[in-house]
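> Structure provided below as structure tokens; questions to follow.
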Amino acid sequence: MASSSKDDGFTCSSSNLGNPPPSKKQKETDIEETLDRLSELPDPLLVQILSLLRTKDAFRTFILSKRWHYLWTFACNFNFNRRNYIGGMTEEFASFIDYVLHHSVSSKIKKFALNCTHPDRYYSSEGGHVVHDSQICRWLTFAVEKNVEAVELYSNVEDGCCTLPESFCACSSLISLVFSSCCLGPDIVVSWKSLKSIHLEFLGLWDEHIVNLLSGCPALETMELYCVWEFSRLDIRSSKLKRLKLKNYTLLDDGRDHSLEIIAPYLQHLEISGELYDLKCRLVDVSSLVSAKLTFNIICIKDVFAINAEEFDDAEDSCGDYHQVFRNLVQDYLQKLSCATEVTMGSWFTEVLCMLQFKGVPVPEWKCKYLALELHMKKFNLYGK
């Protein structure tokens, strides 16, 4: 039996002491053995494995052997990320996408993911208007022609936003959709009849866009809005849409009252989280809720003025009135959530609830069977004192 010594948590076996590190030839042999084991797998399984890789990595496997030379062309998933290219290599990134799509022989695309940090560089323009034969539009059109099921399109809001081609907005095979900093043109009619999940982030979404989306997605089950602004009403009448997630709100220095009404009588799962700043989110009708997660944070009006670099006049006692509005809002939440069986509360909501209890405000009876608290408090601050 080999003896071992242990010092400061390090254990070594005497049987390994004195053994030289593996030689370059040994490493090459190990790699060849690994490749031999992979080569024993059937082509369909290898294609499945390649489809799980980033497209750039899947493409690189063509150098392994003659058999691997064209396997990557059968991949059904595409994942193109501009961040994998050093600055100044935009043309190489676009050329690589064109090359891959041109040589693709897969009859169907399951997932098409495109991450562009500078989307405006892929558009040609005439008189300041986007022309729809641009590269991004071509790539999306290619995905539509291959009956794509899931699309993820990420851009950078600071550099401009991608306008979707009209043909893509009528893709009937689409099931899952993720958009970041992409614009929905006011004249485009959305018709995603098979879409079940949509995630939108970092974009302005007006009420008419919401109406257009909901009416054009009759099978929608999940809607996620992250850092989305401008809209003031979510009127969800579909009995199929069961899950809604709202996270963060972009504070706009426009002098308006920032309010949001949620009307969703068939909604079962609601999650509101992140920084809402001064957004007054009202639950008008959520009578079918089963679970609710309210971990959002509201900031003081003084902080709102500070963020907007404006001077706050404390003499008008606006701070007290401001917080009273949100205390009333929490009271309304307690009424609207009385039928939910699972509730999760965050720090801000819990603080306001405690203050209402200290003031003797009655709390309605709940059917809640599971209550969770997610608290991140540096100090106990009772708003409105």
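Derivation of every value follows stated rules applied to the coordinates shown; laboratory data play no part. Remember, predicted model here, so these are calculated numbers, not experimental data. All Cβ positions, even for glycine, are placed from backbone atoms using ideal geometry, and neighbour counts span all protein chains on display.
> Any idea how far apart Ser65 and Ser194 come out in nm if each label point goes 7 Å out from Cα toward Cβ?
3.6 nm
> Related question: For Leu373 and Ser288, FRET efficiency with R0 = 25 Å and r from the beta-carbon atoms, rounded to 0.05?
E between Ser288 and Leu373, to the nearest 0.05, is 0.55.
> Based on the mean of other Cβ atoms within 10 Å per residue, sort peptides 360-371, 93-104 so the most packed one is first. List each step's numbers first, then the result.
Values: 360-371: 10.7, 93-104: 15.8.
Sorting 360-371, 93-104 by mean packing, highest first, produces 93-104, 360-371.
> What spacing in nm lies between the two simple spin-label points modelled at Leu205 and Gln357, each 7 Å away from Cα in the Cβ direction?
3.4 nm
> Give a quick list of trypsin sites (Lys or Arg not before Pro) in segment 172-270 that DSSP marks as loop, anything other than H, G, I, E or B, with at most 10 other Cβ atoms within 10 Å.
In loop regions of segment 172-270 (DSSP not H, G, I, E or B), the sparsely surrounded trypsin sites (Lys or Arg not before Pro) are Arg256.
> FRET efficiency for Glu166 and Ala219, Cβ-Cβ distance as r, R0 = 22 Å, nearest 0.05? Before the final figure, lay out each step's value.
On the way: r = 21 Å, r/R0 = 0.94.
Computed FRET efficiency for Glu166 and Ala219 comes out at 0.60.
> Separate question: For the pair Thr90/Leu329, report the inter-label distance in nm, with labels modelled 7 Å from Cα in the Cβ direction.
About 4.0 nm, to one decimal.
> Roughly speaking, what is the stretch gain from Lys240 to Ser259, that is 0.36 nm per residue apart minus the C-alpha to C-alpha distance, in nm to one decimal?
Values: separation 19, 0.36 × 19 = 6.84 nm, distance 2.56 nm.
Full-extension gain reported as 4.3 nm.
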